[in-house]
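Worksheet for the structure shown next.
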Amino acid sequence: MMSHRPSCSLPLPEWPWILQAALLPIFLLLIYGPLSALLIDTLGFIITEPDRALEILFLSSRRIGLLLQSIGLSAAVTGTVIAGGICAGSLIWQWRTGIGRYIFWAALLLIPLPFTVHALTWSTLLASAGILPGLLAPQQSVHPWLISWLVESIAFLPLGICLSTLAFELVDPDRIEAARVLCPDPRVFSRIVLPLASPLLFAGAGFLFVFCLIDYTIPSIYAANVYPFEIFAEFSTSYLPAAAFLLALPLLVVTVALVLLSQRPLKSVIQDSMWTRREWQPEFLLPGWFVAAQRAALGIFFLQAVLVIAVLVVLAGTSADLATTLLLAGPDSLTTVAVCLGATALSLPIALALASRLVEKKRISNAWWIAATIPLAIPPPLIGISMIGFWNTPGDISLFGTLAMPVFAVMFRFLPLAALIIAAQLRAVNPLLLDAASIFGRSRVTNFLTVYLPLILPGICIAAAGVFAFAIGELGATLLVIPPGHSTLTIRLYNYLHYGSSGSVAALGLMMTGIFLAIVSTGFLLVRRGLRTSRIHGDKPA
Amino acid sequence: MIEIRNVSRHYGTVRVFSGLSLSIPDRKAVAITGPSGCGKTTLLRLIAGLERPDSGEITIAGRLASSPDYLLAPSERSIGFVFQSPALWPHMTVRENILFGLWNLPGSAREDRLIDLLNTAHISHLAHRYPHEISGGEAQRVALLRAIAPRPRHLLMDEPLSNLDDDLREAMISLIITIMDQEDISLVYVSHRRDETDQIADRSYLFRDGALREVSEVPAPGGSS
């Protein structure tokens with residue numbers, strides 16, 4: 001059948017091969033170097049201590065229970081977030097030419113807000129409602145799993161909303177309208193819109209499930225022991241990377257399988273979708289119960305956004321030692337900003353090189369897809385453990401014990417995400433514009449700088465803002481590789497949530513949120529400007 | 001009959017048309033031609049209920065269908081719509097695409113109708129194929145069958161042949177004429193090509209600068225009378 005997009009085998013100008021040849025090995029070294037070292041170490045451990053290895057590999061009933069509980073929590077959170085996302089996202093999509101676009105940007109802004117800030121907000125509210133015994137005693141919670149589910153679902157809701165909105169945006173409006181003249185809207189929504197939006201929804205749900213499963217931040221705050229925390233605890237007591245890896249294997253089997261399963265629909269979305277910017281607004285007449293659910297989901301999102309800021313301001317304002325806290329956290333802020341900026345700056349060129357491989361329709365791109373998405377399945381404690389083994393080498397130029405370690409840890413976790421975002425942007429560029437540039441442009445370098453780069457700038461800005469913002473909240477890997485004498489704001493906030501005073505926690509949370517909002521808003525403003533520019537110059541897929 | 005009375009439509013500050021009035025009689029084929037961007041597609045979308053007029057009203061078979069404050073659901077207007085692109089649903093086979101609009105018929109009636117339509121268009125062999133497994137011309141035939149399957153009283157076609165080559169175009173025109181004769185429906189056909197509209201329509205309207213400038217009776221050899 002006819003294609004809606006001009007045919008072009010490669011949607012980007014050929015890169016200087018030397019740049020590709022230099023950047024892609026760095027990607028492989030950063031991610032697969034530590035993983036390979038961990039694998040070799042584990043093989044050695046199995047050979048030298050087979051009994052111990054078998055003992056760790058053997059799944060005790062306690063560990064089976066822990067794994068099932070973790071999977072149950074992740075499934076519950078994913079189900080809630082995707083259902084809430086579909087409800088709120090479909091409403092935002094229906095309002096896409098009006099207020100919807102602003103709500104979408106607000107949700108995008110809130111996605112990477114650190115888990116610790118969410119935990120602080122909800123601990124405060126739950127303590128004031130008498131559900132928790134006190135703000136700084138969340139670990140005494142009587143409903144650890146329930147509260148973990150609640151807080152994690154709310155923390156991930158903006159992601160669910162953005163994913164769903166994007167999924168609906170990708171549905172060709174003509175296909176919806178063709179159905180609307182034939183059937184009532186509820187049937188059109190369930191039989192046409194949802195199935196056509198399902199590739200991104202499934203991929204999003206798969207990745208979201210994995211993110212929930214590998215992260216222990218929120219459950220550990222509320223004393224819900226999850227499997228990834230067990231990996232951290234094992235390494236903390238034995239200091240044996242191989243033992244931690246063997247312990248993580250059952251979790252890895254689940255997460256890697258899910259990532260590989262989710263990769264296929266995501267790939268089809270990025271490689272085949274028609275990214276439309278047609279100005280249309282569907283006036284769907286949906287059943288009353290669904291409209292109520294849409295409004296409730298959007299209401300919860302707004303409530304969450306307002307509550308986060310309100311709780312932080314109120315708590316910080318009532319703190320007597322606010323100034324002391326902020327002063328004490330000064331060096332941590334500098335470390336945080338340095339790590340985040342370093343990781344962002346180093347990630348972007350590598351992510352761009354990787355993204356250019358991901359959008360190619362060649363057999364080799366399958367291998368790059370696997371290479372790019374596997375890191376998303378690795379639990380953060382295991383990332384930290386593998387990095388310690390790989391980078392802690394004797395010699396004068398060892399990077400171990402320097403700030404390069406947390407920078408690499410953040411890159412390990414979020415560089416693949418940046419590559420996926422940029423790949424989506426590469427596919428949104430109209431290849432005819434690049435063809436025109438190659439005919440009329442002066443040279444490849446000029447074409448790259450004056451045509452190609454401005455066209456993909458929105459994706460690069462989103463990727464940069466995303467890496468920076470997620471880096472602020474990174475805990476699981478950073479905690480293990482942060483050099484002695486240094487700390488990030490997230491680590492300090494995590495520790496305060498266990499031991500500190502509420503005012504200190506709030507002040508830190510406010511500071512983190514301030515840095516986060518300032519950087520991410522700047523990124524998004526640049527994106528919006530870029531989008532406007534590309535629209536003016538006709539960057540529209542045919 | 002479709003009655004359009006004093007309808008205006010703006011996109012932001014851009015006026016598409018203003019105070020437009022038009023009658024489309026039953027069982028007649030009406031063509032609307034005009035340069036790109038003159039408002040042809042917008043007019044079809046207003047008739048189908050996919051957009052709301054800024055002022056004026058549209059009635060279908062004497063019943064109010066659209067006004068600034070009221071919008072009858074598109075599926076309740078007894079209208080079929082064929083877009084410029086086939087817009088087939090990629091997750092459904094040809095058969096499922098055509099059957100989609102027959103959701104309120106009993107199973108045997110649906111199957112009978114499907115067989116009739118596939119035979120008329122000579123594409124019975126494509127019934128179980130997915131849209132990506134058929135050609136552009138075949139896809140446009142399926143889109144036409146899907147639109148007329150529920151036996152609408154009015155069929156709207158928005159430049160349906162613009163992506164086809166001359167041979168396919170001729171074959172498709174012949175199919176449209178056959179269907180018009182068989183189905184006893186009115187047709188509103190939008191195109192910028194006079195040769196196409198002359199073959200299909202009984203009457204032709206020319207859109208220019210947001211207004212109907214010219215009305216011509218076309219001696220349509222194949223159009224319904």
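Name the long-range amide H neighbours of B:Val82: under 5 Å, sequence gap of 5 or more, or other chain; modelled H, no Pro or chain starts. It is B:Leu156, B:Met157, B:Asp158, by chain and number. Of the residues B:Met1, B:Leu44, B:Tyr70, the one whose Cα sits farthest toward the positive end of the charge dipole of chain B, with +1 on the Cβ of Lys and Arg and -1 on the Cβ of Asp and Glu, is B:Tyr70. Residues B:Ser36, A:Ser236, B:Ser191, B:Ser8 in ascending order of nearby Cβ atoms (within 10 Å, fewest first): B:Ser36, A:Ser236, B:Ser8, B:Ser191. Amide H contacts for B:Ile32 (H built 1.01 Å from N in the peptide plane; partners 5 or more residues away or on another chain; cut-off under 5 Å): B:Tyr189, B:Val190, B:Ser191, B:Tyr205. Converting phi to 3J(HN,Hα) with the Karplus coefficients 6.51, -1.76 and 1.60 and the offset θ = phi - 60°, region B:126-140 yields 9, 3, 9, 8, 8, x, 6, 9, 10, 7, x, x, 5, 4, 5 Hz in sequence order, with x at every glycine or proline.
Between the C-alpha center of region A:195-230 and that of region A:462-487 there is a gap of 19 Å. Classify chain B as rounded, prolate or oblate, taking a ≥ b ≥ c as the square roots of the eigenvalues of its Cα gyration tensor: rounded when a/c is under 1.5, otherwise prolate if a/b is larger than b/c and oblate if not. It comes out prolate by the Cα gyration axes. Ordering of B:201-209, A:303-311 by packing is B:201-209, A:303-311, highest average first (other Cβ atoms within 10 Å, averaged per residue).
Helical runs assigned H by DSSP (4 residues or longer) give chain B a calculated mean residue ellipticity at 222 nm of -9000 deg cm²/dmol, each run adding -39500 (n - 2.57) before division by the residue total.
For B:Ser55, the residues whose modelled amide H falls within less than 5 Å of its own, excluding neighbours fewer than 5 places apart on the same chain, are B:Ser8. Here the residues B:Glu3, B:Glu138, ranked from fewest to most Cβ neighbours within 10 Å of their Cβ, fall in the order B:Glu3, B:Glu138. Summary of the geometry: region B:96-167 and region B:30-74, compared by the centres of their Cα atoms, lie 24 Å apart.
Sparse packing (at most 12 other Cβ atoms within 10 Å of the Cβ) combined with a DSSP loop state is found for the following trypsin sites (Lys or Arg not before Pro) in region A:385-459: A:Arg442. Using the Cβ of A:Thr48 as centre and a radius below 15 Å, the other residues enclosed give a net charge of -3, where K and R count +1 and D and E count -1.
Peptide A:179-191 is shielded by partner chain Cβ atoms: per residue, an average of 6 of them sit within 10 Å of its Cβ.
For the peptide B:78-86, the mean number of other protein chain Cβ atoms found within 10 angstrom of a residue's Cβ is 4.
For the protein assembly as shown, take N as its residue count and report Rg(C-alpha) divided by 2.2 N^0.38 Å.
Numbers: Rg = 29.9 Å, N = 767, 2.2 N^0.38 = 27.5 Å.
With N residues counted in the protein assembly as shown, Rg over 2.2 N^0.38 Å equals 1.09.
Neighbour counting of Cβ atoms within 10 Å sorts the residues A:Val253, A:Val181, fewest neighbours leading, into A:Val253, A:Val181.
All of the numbers you see were taken from the coordinates with simple rules; none came from a lab. This structure is a prediction, so every number in the text was calculated from the model and none was measured. Note that we place each Cβ from the backbone using ideal geometry, even for glycine, and neighbour counts take in every protein chain shown.
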